[in-house]
Amino acid sequence: MANQPCFGDEDQHESPSSAFYWWRTTGDRNGNGYLNIDLSDLSSLTPRLKVLREMERLALIAPEGLDDLRHKLITYRSGDFWLPVGGVKKEGVDIPPIITILLVGLSGSGKSSLVNLMYSVLGRSGLIPFAQTSSMSSNYTTMFMEEHNVLRSVRSGFCVYDTRGLDSSQLSEGFEEVSGWMVDGVRHNQLCCRPEDEKIGRDSHATPSLRSSLSSSRFARRRVNSVMVVANLAEIYKALKCGDSKPLEATRDLFHCHSIRNSNENPILILTHGDTLSFEERINGRLKVCEYLGVSETTGAYDIACLTEQGILPEESDPVTSYALTEAVYRALMQSDRTHLPRRKPMDWLRIFVSRVMCCIGAFFLMLAYFFSKHGHKKKLKV
């Protein structure tokens, strides 16, 4: 039987780095500290062992791979990961100057904490010191969209958008707003509308600077290229233990939202949590969420411990988490670059114009047919 190495020596000593490898305290190991995995038949692995094997992969790559992946991101230009398909050259592809990664999730899912974590992990690799999300009141930070250039590099070709959390009790309205973001694009300081926010313009507490920020016309509108669905693993798992499946169901509906799937067939799932979950809860919660959402246990979700709210920088405290987050960003950029569409040629615009003219003509004759049919029916009744 072949086994997967797991740095067993670290498990036997109380070194500071042993806290990084939380999954190694589980019982899925032999006496030598190796995972009980038969590499000759990977198809027979249980979902639990697949997760443990994925964590071992991250731990193996993280020490040296993190700096390499950071370098790829700091030198990244929009379209670098595009692959020629169907004979279309890169010059003939519609590539935006900046790739936009959109974070969506329920209220309290950890989107802002994830952005702060990106700054701490990626920002210090750039040319400008990193900063965190807005330190103003929670109403302000959740009311407006925020654009973050987390890498802070003159060569960086991507940005991350922090959005307002969706209310699980009003998902239909939230999905309409998400659909608008996907179709129309997003802007920094763009107001995230809700039915209960209609009075903001006349609210006495709205300062002149707050009212002036409602207009985002001076900022560039970004086309959404990639989506990260952020879910609070701790909240979902604790709700499931109490028999409440609503947070998990709402996350599933968001993950499979029609507008997101249309523009991003495989959104990335980020499972955030603090340090409140035990090792077994962390693994079991991940398995339950992935199974319910129909996501691969190993390649479809990233387990991210967002500890910045407690003042801990995960770059120093957890290199595996730092690498997982960096890889998630890298994967989002790779997916974006490989889904760019070819530029429309003059003949394509002509076809679109002709098709719209024909649709208008068809709608006009349909209206005439309806009018005369209704008018003729009334005259027939009079006779």
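Every number in this text was worked out from the coordinates using simple rules, so none of it is lab data. Remember, predicted model here, so these are calculated numbers, not experimental data. Don't worry about glycine lacking a Cβ; one is built from the backbone with ideal geometry, like all the others, and counts go over all protein chains shown.
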Worksheet item: Can you sort GLU327, GLU249, GLU291 so the residue with the fewest Cβ neighbours within 10 Å comes first?
Response: GLU291, GLU249, GLU327
Worksheet item: By per-residue mean of other Cβ atoms within 10 Å, what is the highest-first order of 333-342, 100-109?
Response: 100-109, 333-342
Worksheet, complete the sentence: Between SER107 and CYS242, the FRET efficiency computed from the C-beta separation at R0 = 25 Å comes out, to the nearest 0.05, as 0.85
Worksheet item: Going highest first, how would you order 263-272, 112-121 by mean Cβ packing within 10 Å?
Response: 112-121, 263-272
Worksheet, complete the sentence: Summed over the other residues with a beta carbon less than 9 angstrom from that of THR100, with K and R at +1 and D and E at -1, the charge totals +1
Worksheet entry | Peptides ranked, highest mean first, by Cβ atoms within 10 Å: ranges 225-231, 72-78 | 225-231, 72-78
Fill in: Residues PHE353, PHE175 arranged by fewest to most Cβ contacts within 10 Å
PHE353, PHE175
Worksheet entry | Burial ordering of GLU281, GLU235, fewest other beta-carbon atoms within 10 Å first | GLU281, GLU235
Discussion item. Give me the extension gain from ARG218 to ARG261: residue separation times 0.36 nm, minus the current Cα-Cα distance, reported in nm with one decimal.
Written reply: 12.5 nm
